[in-house]
Amino acid sequence: MVEEESVRVVRCGGSELNFRRAVFSADSKYIFCVSGDFVKVHSTATEECVHILQGHRNLVTGIQLNPNNHLQLYSCSFDGTVKLWDYVDGILIKTFVVGLKLHALFTLPSAEDSVFVIINKEKPDVFQLVSVKLPKSSSQEIEAKELSFVLDYINQSPKCIAFGNEGEYVAAVRDFYLSVYFFKKKTTSRFTLSSSRNKKHAKNNFTCVACHPKEDCIATGHKDGKIRLWRNFDDDKKYTYTCLHWHHDMVMDLAFSVTGTSLLSGGRESVLVEWRDATEKNKEFLPRLGATIEHISVSPAGDLFCTSHSDNKIIVIHRNLEASAVIQGLVKDSNIFTGLMVDPRTKALVLNGKPGHLQFYSLQHDKQLYNLDIIQQEYINDYGLIQIELTKAAFGCYGNWLATVEQRQEKETELELQMKLWMYNKKTQGFVLNTKVNMPHEDHITALCFCNAEKFENPTLVTSSKDGHFKVWILTDDSDIYKKAVGWTCDFVGSYHKYQATNCCFSEDGSLLAVSFEEIVTIWDSETWELKCTFCQRAGKIRHLCFGRLTCSKYLLGATENGILCCWNLLSCALEWSAKLNVRVMEPDPNSENIAAISRSSVGSDCKYTPYFDNTSKSLTKIFFLTSLI
Amino acid sequence: MAGYKPVAIQTYPVLGEKITQDTLYWNNYKTPVQIKEFGAVSKVDFSPQPPYNYAVTASSRIHIYGRYSQEPIKTFSRFKDTAYCATFRQDGRLLVAGSEDGGVQLFDITGRAPLRHFEGHTKAVHTVDFTADKYHVVSGADDYTVKLWDIPNSKEILTFKEHSDYVRCGCASKLNPDLFVTGSYDHTLKMFDARTNKSVISVEHGQPVESVLLFPSGGLLVSAGGRYVKIWDVLKGGQLLVSLKNHHKTVTCLYLSSSGQRLLSGSLDRKVKIYSTTSYKVVHSFDYAASILSLALAHEDETIVVGMTNGILSVKHRKSEAKKDSLPRRRRPAYRTFIKGKNYMRQRDDILINRPSKKHLELYDRDLKNFRVSKALDRVLEPSCTIKTPEITVSIIKELNRRGVLANALAGRDEKEISRVLNFLIRNLSQPRFAPVLINAAEIIIDIYLPVIGQSPVVDKKFLLLQGLVEKEIDYQRELLETLGMMDMLFATMTRKESTSVWQHASDGFLENKKVES
């Protein structure tokens, strides 16, 4: 029986690294990035994570170096605190409790005892920039309630705020406005683009802002891809701006180099553009960075840049535009078609990564081990393009084989399917493409599974498809006197009354294969590929199939779309029990008899997933053990 | 920061014989020259010394042919009856032959009359050979004896009477002057040592032995008899290493290729099979018009000579290496250009920076990399590409479609360019492997050029051709469906053994899809 307290959730990692701009230490040896509730300190030379600064109770939203002490770091979080860290030893020095949700953090060398934060007080969409006075005290936790208001109605993103010319003014952009607040004069000037007012679909919204470190010059990025450089903005009438245009899509971030001689910009094109001397002609490129550039930051020493990308990666770039290090987090694609898998060899989590890739992510070390390029085609980043999707993947034979399925469907009738089988090469420690099968089925492949039983020397793979067939693929010897080679061929094609095959599953010892055809489960002998028996409960299409393990290996579990979980006895060929449970995911524990069934609870409207652990031998009494995870 | 990934070109398995190094090597011969002899050609032997003439034994004559001559350059015809087994000495200056009347004759290549005449055998001598020291001759005869002769004083040295049937084949060791092997119709192979007066190894082949062969190292012995070719390990005392049964009639002759890597066997079933001597698998085979009796390869496998029962001698010469075209070659940069800076010795404080190696990209890939889509399409529509490698053209069209720029690439073409595209479509549209991609392209073309139809008679004609092709294809598909329907009806009338609907497809259909990346 599974005890309730035996399930414990441990947060392992996999958080966003690209949520905010990364920050360099003063000597450029370390780079800091926010990662969920933590701040991570990475070495710029080795890419390794040196420290994890833990202490915040909610998402960390901003980090800045302490301008008075370069070995200290400020961080702010949604939990309403600003914390001061010693990053060399990785310890918390002080906590300042503000008590409001903090959205971003800024520091200024001129304002020694205060920091600037973005808060929102009233409406959910209206944000203010306020300065917080940090009281001096020896205690660990200090209340900091002394707020002074600076700017109202600003964007919540820290990219839309910039402090310029050693803190003389602060520039903020929102929609079609650029507001500049001068600290000395205590006045705000507001500029708009003339063309933007009348046109309905004007695309020159401001997206980001950066200020020249030495001169009175503000650079703003726009949605239409233009960069505008504003000068003489202390005068409401005589202000001028010039335009730089290379990006064809939104400018995602801007940054001036430390000396201000060059301006860096990036966007969806995944190209870092360096504009020298703020002229259109003089520009340098670093192309093929892999994904949309979200943030750009510059080290205080001026020798390194870094870009954060939408695929959760930070690239450290040398001054001469050469990438020197990559810090890669867990890539979160919008669709995880492959589901979650564990590589039996490295015990890494495997799922869809970058487009067309499988990522191998180590849960122990919270870092990506490697990316396996499955589709091996140039990725074109464009709206409305139908991409090749990596839809299915499965490991077999203790991680020696990997099967992947990719598909692209342009129209209803034009389906491109490809199945690839990869063999693990011990020498190169990676997967090597072995067999490519074009159109393995006529229609979408719904499931694929390897036979992982020990007694099967010959690797066997089963694919089931909507075209009503399931196919058995076996590894055959393809060698001749010139070379040794193995390849996969189709060994058997099975079907059942032209129903769509929806699931397939091998029993633990590999002697039986269960294939579900819509509402019907068929059991096949894996030696002769003979149909042994069928189960039909008429309780909706089968969504998941799973054999029991160890002492429960005589049971077969099936979950249907109508929210029925059925358990069949394979010895008596009869239904053992059934229960009403809307199972979303069902997965057997490889080390025990338990099967985890995760269902969406029907109570309430919020999506609450509750896992049921059901031990098939005990479940004759129809008892489920519920542990709430979330 | 991955580099540009080249377009994946879909490859299709080539049907028919698999192309291997061996098929390429053994097919690289000119069409055979046929020479008519007076009777069945029982033996062909190449002189081991240049100019590599060869002696052909047929009927009562021995002809010596030059490498490229079709007429004999010399003939020995002083035989009363059938001659057998004309064999050159290692230096190519002497020739020995047996004959039906039991005599063994030794000839000088330059002379006409025999130098020596060894009398002693009472029946036909089918096999003779020189020993490794060049001064002795081994002969085996139908009187069941094997004799060793001394050349200088033309005396018989030894006689072995161990065989119990005709001795029809033999072979002397190339290394040891005292060792030689004979095979007999009593199904045995015997290795004799002239120092011991008796056989040292005797192995049972199982069939009358027709041919024996010793490997140059002397470690392996090959025998042919019946349908079998057997390999024996001499160093293990005559243990059977492998038994090959690849012919369906008696194997009559054996030969080793010049490299020693391939073994050739000729048989009465009119085939020559080539085996690898490491795996003993057949790597290639030749067909001939008649049953093969003898076989020989020239130095460096330059020539294959096969003698047949109908008296035809088939001579195949290796194709000469394709000569470099004699066009005046463009002057290449001098040698020092290439080694410029390469011979610089690294000093202690120097940091070596290597220029990143450039990846070679095809021209169409270079265009695609720079988003010149029309140019890329133009490149693969060149006649040289569309005819030789239509799969590249189709792959590029598919890639353009994937990038969503196929319509852009196809638009804005003049009469000549569009007819080039249409020509390609007309040629390949009906091929099942290209059809899904090309039908899509054809639809786009029709959409784009519909407004300007009727302006150019050339293009109009092509469109009509395309229309005809599509109609023909539809008719064809309909016929196929009709046939399928008829077949279904036939199957339905047959009673099925099993109640469940299980069937096993022949896996051949899926093999076509398979492509193994080596």
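Per-structure values
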read-out	value
Order of exposure, largest accessible area first, which applies to A:W524, A:W246 with probe 1.4 Å	A:W246, A:W524
Cut-off 13 Å (backbone N to label point 7 Å along Cα→Cβ of A:Q387), residues of the range A:348-375	A:352-359, A:374-375
5 angstrom amide H check on B:V234, placed H, neighbours 5+ away	B:L220, B:L221
Efficiency of FRET from Cβ geometry, A:R345 and A:K145, R₀ 41 Å, rounded to 0.05	0.15
Label zone at A:Q364 (point 7 Å along Cα-to-Cβ), backbone N below 17 Å, the range A:26-57	A:49
Heavy atoms of A:H51 accessible to a 1.4 Å probe, total area in Å² rounded to 10	50 Å²
Cleavage-rule hits (trypsin sites (Lys or Arg not before Pro)) in the range A:416-463: DSSP loop, at most 15 neighbouring Cβ within 10 angstrom	A:K426, A:K427, A:K455
Rounded to whole Hz, the Karplus (6.51, -1.76, 1.60) HN-Hα couplings of the range A:211-228, x for glycine and proline	10, 5, x, 10, 9, 8, 8, 10, 10, 10, x, 10, 5, 7, x, 8, 10, 10
Total accessible area lost when A and B pair, probe 1.4 Å, Å² to nearest 100	3600 Å²
Separation in nanometres of the label points that stand 7 Å from Cα toward Cβ, at B:I453 and A:A301	7.0 nm
Gained length - B:E156 relative to B:Y280, 0.36 nm times residue gap less alpha-carbon distance	40.7 nm
For peptides B:245-251, A:532-538, sequence by mean Cβ density within 10 Å, most packed first	B:245-251, A:532-538
Residue-wise HN-Hα coupling along the range A:268-274, computed from phi with Karplus coefficients 6.51, -1.76, 1.60 (Hz; x: Gly, Pro)	5, 5, 6, 10, 8, 10, 10
Principal axes of chain A: Cα extent on each, largest first, Å	88, 57, 51
Additional length obtainable on full extension of the chain from A:V486 to A:E454, 0.36 nm per residue less Cα span	9.5 nm
Per-residue ³J(HN,Hα) for the range B:291-300, Karplus 6.51 cos²θ - 1.76 cosθ + 1.60, θ = phi - 60°, Hz, x for Gly and Pro	4, 9, 10, 8, 7, 8, 10, 7, 3, 6
Label point distance in nm, A:E48-B:R318, each placed 7 Å from Cα along Cα→Cβ	5.9 nm
Mean shadow area of the protein assembly as shown, taken as a quarter of the surface of its Cα convex hull (nm²)	67.2 nm²
A:V342 - accessible surface, heavy atoms, 1.4 Å probe, Å² rounded to 10	90 Å²
Computed over chain B, Kirkwood Rh from alpha-carbon pairs, angstrom	29.2 Å
Inter-label distance for B:D414 and B:I446, nm, one decimal - labels placed 7 Å from Cα along Cα-to-Cβ	2.8 nm
Surface accessible to a 1.4 Å probe, B:V138 within the full protein complex, Å²	10 Å²
Long-range amide H partners of B:L115 with built H, under 5 Å	B:L106, B:F107, B:D108
Accessible area of the protein assembly as shown divided out per residue, in Å², using a probe of 1.4 angstrom	50 Å²
Shielding score for A:480-486, defined as the mean number of other chain Cβ atoms within 10 Å	5
Which of B:T87, B:T11 is most accessible, then next, and so on - probe 1.4 Å	B:T11, B:T87
A:T551/A:E530 FRET efficiency (R0 25 Å; Cβ-Cβ; nearest 0.05)	0.40
Under-5 Å amide H pairs with A:V326, H placed in peptide plane, nonlocal only	A:V316
Solvent exposure, largest accessible area first (probe 1.4 Å, DNA, RNA and ligands not counted), of B:K230, A:K238	A:K238, B:K230
Sparse-neighbourhood loop sites, GluC sites (Glu not before Pro) in the range A:350-441 - DSSP loop, at most 12 other Cβ within 10 angstrom	A:E412
R0 of 30 Å, Cβ-Cβ distance B:I353-A:T259: FRET efficiency to nearest 0.05	0.70
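The values are calculated or read from the model by the stated rules, or taken from the named source; none is laboratory data. What you are looking at is a predicted structure, and each value in this text was computed from that prediction instead of being measured. As a convention, Cβ positions derive from the backbone with ideal geometry for all residues, glycine included, and neighbour counts pool all protein chains shown. Side chains are part of the model used for accessible areas, which takes the heavy atoms of the whole protein and leaves out ligands, DNA and RNA. Shrake-Rupley method; radii C 1.70, N 1.55, O 1.52, S 1.80 Å.
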